[in-house]
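Take a look at the structure set out below.
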Amino acid sequence: MRYPPAREWRYVIRRIGLVALLSSVSLRAGLAPENVAVCVLPDSWTSLTLANHYAELRGIPGDNIVRVKGRGQSVDAFRSTWLSPALEELQQRGLQRQIRCIAWSDGFPLKIGLAGDLKALQNKPKVITNEGSINGLTYLYQLVAQTNLHYVSLRSNPLYAGPEAGFVPSEPGESETSYRKRVKGKGLDMEAACAHRAAWGFVDEPGLPSVVLGATGGEGFPLSRWIEFLRRARAADGTRPEGTLYLMQGGDIRSRTREWAYHPLKYAMEKRGIRTRIEKGTLPREKKDVAGAVLGRATLDWPGSGSTILPGAIVENLTSFGGFIRRPGSGQTSLIHFLAAGAAGSAGTVIEPYAIQEKFPSPFIHMHYADGLRLAEAFYRSIHAPYQLLIIGDPLCAPWAKEVKVAVNGLSPGEQLDGPRAVSFSSAGPGEVAYAEWFMDGRYLGTSGAGTVFPLDPSGPEGTRQLVLQAVLSNRTTALAPVVIPFRYKDPGPARLEIPESLYYGEALAIRVSGVELRRFEVRHFGEVLGTSNRNAVRISTRQVGMGPVRLDLRASLADGRELRWIRRVVVRAPRPLRPLAQKPPPRLKPGIRLAPGLRKEQVLKTVSGEVIKELGGLKANERAVFEGYLEIPETGLYRIQVSGAGVALFINGQALLPEPASREQDLPLSLYMGLYPFRLTVQRAQPRAALAVRFGKDRVSPLDASFLRYAP
């Protein structure tokens, strides 16, 4: 961790802070599932599957999830192929009035190169470094889209909400007794949390909170663990954990940078009924009640501390390379370390940030969190300059959010509507609910106050519909437990939908409507049409939707002009397991794989990855190399194989996983039993000296080598 020269950050603000975008902030409701958009990679089964599970856990509407297929990691590529297509698609779907947060699913580039923009700065200060995080740049989307270099300013976030003006900061290493004597009679009240709305493009607020849901590459978890991580965060909502916030004094610049906030934060948290301890050391030791922690050390060993992180906790560490996920080995503890220990969210910078408080969350993140903000809101209310900070977690996690009793009047669950209806709401606590936000089928309708009539017009396709009320409290946070009213719009008549409850990944999903004659039948997933037919049946591949609980939007146009709609849940299980070798395997198998005789002299190799083809002298035009042997699988489970490079065909136990030479990178899930599997991979190249890359594994993938490969001598 490097420390900048005194006053250098002030110079940066004067030089780069081109325009103050906001002199005041208009405040509105906080976050609800209808306000969150999720970006997924269409060709990644892990990205699709993680989004399926998150949508199920949180009730994210299908239209809020968009497929984005960009390329490159430069800021120009991020602008033009990642962020802009996502925002444009959300706008085309008419969601600009409700989206207040962007969550990125697995597989996206976490680190974005900024050199293309920053070359315009002459005599660039060294504290402005050349890489940003995907979520930080998403938050600052308006500035990034305009190439307005205010996005790298140390005051780029006008929605930052720190302590009130005039509060007295702690001195490094100062005791609580000393601090209280110093501030006696000066007052200690901190600013209360207040959620904000940032509906891009239609209001003046520049911030669009953004979080990464999970990352399976590098040091990241396997997919199954990310799903459990999100389930744990969801279960923490409203639990108000009986724990302690730990503010650690680690003894170096990483800790001292944020100790200014410790004593006033302790006062503010205890005023809210949350125990807070300021302790010397790098980690809380043998504590079973960690409800949050502020840390500052290059390397940390949480398992060795003997402490337990409670569900819903934010635990983050100020160090240089906490956001290094895809490239492990920085020598510093990454944010994944704290998520693995049980935190619901953590953060770290993706490049050397220098010991600048503005680039890291203020410790007051915990005060905002305790006032009922969601995790994403709390992070962005507490950081001045978010452009380099990678945040991974559940953006909607809210352990301290309040649950209120609200009733919808004028519509009962399961009721049939044949036209517009006037509805309203009432709450048990007078004045507790400021107003309600109404949504139908995931779409924002408007707001109303308690007892005020709200006009509900269900016009559209006939079938099952859903009305949702999100209660906004007087402190502008969104309450837990929305009111959900399923109802029917008109009578769909004799139409009956035939759809399987579950099937294996890789199989075709066949859907049929009987009892009526259709002019058009279409299947949508994540707001995108995946299959259409002018008959009563349609088929799609499960590879288009991923695994897990898949929610399909099915729409039909009848011959008589009526429109029907169904929302159906189908469980897509892991691929049907491949069977290992049934007969007795050849004796004395050895580690490695054989390059079969043919155009090349037979050889035994330790791997089929890296520069193997080049090392063999390359392939002539249309020449083919054949690798044959066995895969030895040590335990039953879901495995993953990644093949990059054109001209590759893959067969396991005689089954063609890539039957024809692939023209692009492939990432395949495999359900395998423990045992031995015949393995055959062919490579055909039109260009000479082409490389080959094959990665394989269960919890983590690595180059396919002699740890799994076997051959018969």
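May I ask you to list the residues in region 533-566 that are open to solvent by 70 Å² or more (accessible area, probe 1.4 Å) and more than 24 Å from the chain's Cα centre (by Cα)?
Within region 533-566, Asn534, Arg535, Arg539, Asp560, Glu563 qualify.
Yes or no: region 409-416 includes at least one residue that is within 15 Å of Pro486 (Cα to Cα), open to solvent by 40 Å² or more (accessible area, probe 1.4 Å) and of a type in the set (D, E, K, R).
Yes, the conditions are met somewhere in region 409-416.
Hey, can you tell me all the residues within region 197-226 that are in a helix (DSSP H, G or I) and either surrounded by 20 or more Cβ atoms within 10 Å (Cβ to Cβ) or modelled with pLDDT under 85 (or both)?
Pass one, region 197-226, residues in a helix (DSSP H, G or I): 223-226.
Listed by number, the residues that qualify are Leu223, Trp226.
For region 505-525, enumerate the residues that are within 30 Å of Leu638 (Cα to Cα) and buried (at least 17 other Cβ atoms within 10 Å of the Cβ).
Tyr505, Gly506, Leu509, Ile511, Val523, Arg524, His525 - these are the residues of region 505-525 that are within 30 Å of Leu638 (Cα to Cα) and buried (at least 17 other Cβ atoms within 10 Å of the Cβ).
Which residue pairs have Cβ atoms under 6 Å apart, sit 6 or more places apart or on different chains, and have a first residue in region 406-420 that is part of a loop (DSSP other than H, G, I, E, B) and a second that is at pLDDT 95 or above and among the hydrophobic types (A, V, I, L, M, F, W, C)?
Gly410/Ala422; Gly410/Val423; Leu411/Val423; Leu411/Ile485; Pro413/Ile485; Glu415/Phe487
Please work out which residue is farthest from Met440 (Cα to Cα), limiting yourself to region 457-484 and to residues that are aliphatic (A, V, I, L, M) and crowded, with 20+ Cβ neighbours inside 10 Å.
Leu473
Would you check which residues across region 418-450 are more than 30 Å from Ile65 (Cβ to Cβ), open to solvent by 60 Å² or more (accessible area, probe 1.4 Å) and not aliphatic (A, V, I, L, M) and list them?
Asp418, Pro430, Gly431
Residues that are polar (S, T, N, Q) and over 30 Å from Val572 (Cα atoms): which strands (runs of 3 or more DSSP E) entirely in region 430-534 hold 2 or more of them?
Result: 443-448.
Name, by its number, the condition in (1) farther than 22 Å from Ala120 by Cα; (2) of a type in the set (Val, Ile, Thr); (3) at pLDDT 95 or above that does not hold for Val25.
(3)
For region 567-589, which residues satisfy the criterion of being of a type in the set (D, E, K, R) and surrounded by 14 or more Cβ atoms within 10 Å (Cβ to Cβ)?
The initial filter retains those residues of region 567-589 that are of a type in the set (D, E, K, R), namely 568-569, 573, 576, 579, 584, 588.
Passing the criteria: Arg568, Arg573.
Would you confirm whether or not region 672-684 contains a residue that is crowded, with 17+ Cβ neighbours inside 10 Å, at pLDDT 85 or above and under 29 Å from the mean Cα position of the chain (by Cα)?
Checked against the condition, which is being crowded, with 17+ Cβ neighbours inside 10 Å, at pLDDT 85 or above and under 29 Å from the mean Cα position of the chain (by Cα), region 672-684 yields at least one hit.
For residues that are surrounded by fewer than 23 Cβ atoms within 10 Å (Cβ to Cβ) and among the small types (Gly, Ala, Ser), scanning just region 96-141, find the one that is nearest to the chain's Cα centre (by Cα).
Gly107
Could you run through region 235-255 and say how many residues are in a helix (DSSP H, G or I) and surrounded by 18 or more Cβ atoms within 10 Å (Cβ to Cβ)?
Matching residues across region 235-255 total 2.
Quick check on my filter: what residues within region 142-174 are of a type in the set (Gly, Ala, Ser), open to solvent by less than 50 Å² (accessible area, probe 1.4 Å) and modelled with pLDDT under 80?
Once the filter is applied, which keeps residues that are of a type in the set (Gly, Ala, Ser), open to solvent by less than 50 Å² (accessible area, probe 1.4 Å) and modelled with pLDDT under 80, region 142-174 yields Gly162, Ser170, Gly173.
The values are calculated or read from the model by the stated rules, or taken from the named source; none is laboratory data. What you are looking at is a predicted structure, and each value in this text was computed from that prediction instead of being measured. Cβ atoms come from the backbone with ideal geometry, glycine included; neighbour counts cover every protein chain shown. With ligands, DNA and RNA removed, areas are computed over all heavy atoms of the protein, side chains included. Shrake-Rupley method; radii C 1.70, N 1.55, O 1.52, S 1.80 Å.
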